[in-house]
Each structure stands twice: as structure tokens, then as C-alpha cells.
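Working notes for the structure below.
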Ligand code: ATP
Ligand code: MG
């Protein structure tokens, strides 16, 4: 059976945290590839802050260009044309039609696992894939605590939905797109927090320099 990783996100912008959990997932679960899906209309975010999906796809493409088993999918990106919200359960349905035999692994960070039951049709999401969850914590906060919260949430979702959830062996990387956008706006360096090609693209096109507030 083909084992395929799904890495969904806004990728506004993509950063080393995304790449790190995708890579851990691939190694640990022997995935043949990981598909990166920039979401067309990430309706749970402040849409004013989100750059056009074509730009987020371009940055994602640059970030994974040198990695043969990472692949960009514009499947969710097309929602932007019709302004239709992007829903993970629909993405999984489409993927299932494309490859009925594949085992899909949906890769996410602990913060997403905290909100996933409020996404549309969570039962369908849990039915259709194995969830791979990575711990997420910020410098200065307790790593132990973050791990405990993640364990508790996994038990809760297993009991309530019969979800299949595995933990990624991942130390945690303190990077978020929000912090990167703030840094860029303040003129601070984002070197080593994202692939150089993405950094150069952002600098060249003067992305994220203006506040949207
Ligand atoms: P934002 O700050 O704008 O929300 P983000 O850094 O959380 O951006 P998203 O595009 O929202 O990035 O995240 C896509 C997925 O990657 C989510 O499941 C999120 O939990 C996960 N993720 C992002 N950064 C990390 C990280 N540093 N460690 C673990 N998981 C992460
Ligand atoms: Mg996020």
C-alpha cells in the first residue's frame, strides 16, 4: 500500500518548522512522499493577513524544490478562485478518489490537533487518515507541559472519534509564520528560519513589510 503524507497549511510563509515535521513524518512512517497543500481560503485565519495563494504556492515550491519526495499540490489552492472555504475532509475525499488504495497520513502540529474537532466534519477526517502529530512549544514555555497536553488531547480524540493518532518523534522547533511576519516587518533577520530561496523571494518582492492593521 502506498503511504502518502499530507502537509496542509496556510504557509504564509512556509518555514523550517513545516519542513522539519514533514521530514520527521517521512522518516518515521516510511512515507513514499509528502504532499504540501497550501490552503486556498484558510477561513479560520485573519484573511487580510494572508497573501494570495499563488504567492504562497510559489514560496512552497521554492522551499521544497531540492527535495525529491516533497511535492506541491495546488488541490486546495483552487478554492481561492471560487472563494470557497478550504475544508480538509473534502481534500481527503478528493485524494481518496485519486488513489483509493493509498494510506494517507495527515501531518499537523499540536495546536491544530487542539482545534481539529471544530473543523468541518471531523469524523470524516478521522475515518479517512492516520494523524501524525508533532509537539509545538515556544521558547520560555514548558516543553514537558506541551507534551502532556498533546498526550491528553490524543486520548480525548481517540475516545471521542476513534481517531488513529501517532506522535512524531520531534523535539519541537520554535518557529511560526506569525513570528516570521512580525520579524520581517520589524526589519529583523529570518535567516536559518526558512530556506534561503524563500527568504530571498520575500526580500526581492518586499513581502510582509507593511502592516495590515
Ligand atoms: P501562523 O502563525 O500564521 O498560524 P504557522 O506557523 O502555525 O502559521 P500554518 O501554516 O498555520 O503555520 O501551519 C500548518 C501546519 O504546520 C499546522 O498543522 C501547524 O500546527 C504546523 N506547524 C507549523 N509550525 C510548526 C512548528 N514549529 N512545530 C510543529 N508544527 C508546526
Ligand atoms: Mg498556525
At 222 nm, what value in deg cm²/dmol follows for the chain if DSSP H runs of at least 4 each add -39500 (n - 2.57) and the sum is divided by all its residues, to the nearest 500?
-12500 deg cm²/dmol
Wrap a convex hull around the Cα atoms of the range 3-175, take a quarter of its surface area, and give that in square nanometres.
9.7 nm²
Folded to 0 to 90 degrees: helix 53-64 orientation relative to the chain principal axis, Cα
80 degrees
Restricting to Cα pairs below 8 Å that are 6+ residues apart, what does the relative contact order work out to for the range 3-175? Please round to a whole percent.
25 percent
For the range 80-122, what class follows from the C-alpha gyration tensor (a ≥ b ≥ c being the square roots of its eigenvalues): rounded when a/c is under 1.5, otherwise prolate if a/b is larger than b/c, else oblate?
oblate
Percent RCO, i.e. relative contact order, over the range 11-85, from Cα pairs under 8 Å lying at least 6 residues apart
42 percent
Candidates 121, 85, 46; GNM for the chain (alpha-carbon contacts under 10 Å) flags as most fluctuating 46
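Could you line up 206, 15 from fewest to most neighbouring Cβ atoms inside 10 Å?
Ascending Cβ contact count within 10 Å gives the list 206, 15.
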Cα centroid separation, the range 43-98 to the range 17-38 (Å):
15 Å
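Give me 73, 54 ranked fewest to most by other Cβ atoms within 10 Å of their Cβ, as a rough exposure proxy. Walk me through the numbers on the way to the answer.
Working: 73 19, 54 11.
Ranked by crowding around the Cβ, least crowded first: 54, 73.
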Rounded to the nearest 10 degrees, what's the angle between the helix 88-98 long axis and the longest principal axis of the chain, both from Cα atoms, 0 to 90?
70 degrees
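For the range 93-146, take the convex hull of the Cα atoms, compute a quarter of its surface area, and give me that in nm², please.
4.5 nm²
What is the diffusion coefficient of the range 143-213 in µm²/s, taking the Kirkwood radius over Cα pairs and the Stokes-Einstein relation at 37 °C with a viscosity of 0.692 mPa s? Mind dumping the intermediate values first?
Working: Rh = 15.2 Å.
Approximately 216 µm²/s, per Stokes-Einstein.
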Compute the acute angle (0 to 90°) between the alpha-carbon long axis of helix 16-28 and the principal axis of greatest extent of the alpha-carbon atoms of the chain; round to the nearest 10°.
30 degrees
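Within a 10 angstrom radius of the beta carbon, how do 24, 96, 152, 181 rank from fewest other beta carbons to most? Let's see the in-between values first.
Working: 24 17, 96 14, 152 10, 181 21.
Ranked by crowding around the Cβ, least crowded first: 152, 96, 24, 181.
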Using label points projected 7 Å from each Cα along Cα→Cβ, tell me how many nm separate residue 161 and residue 142, to one decimal.
2.7 nm
Among 150, 193, 47, which one shows the highest mean-square fluctuation when the chain is modelled as a Gaussian network with alpha-carbon springs under 10 Å?
47
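All of the numbers you see were taken from the coordinates with simple rules; none came from a lab. Small disclaimer: the values here were computed from a predicted structure and weren't measured. FYI the Cβ positions are ideal-geometry reconstructions off the backbone, even for glycines, and counts take in every protein chain you see.
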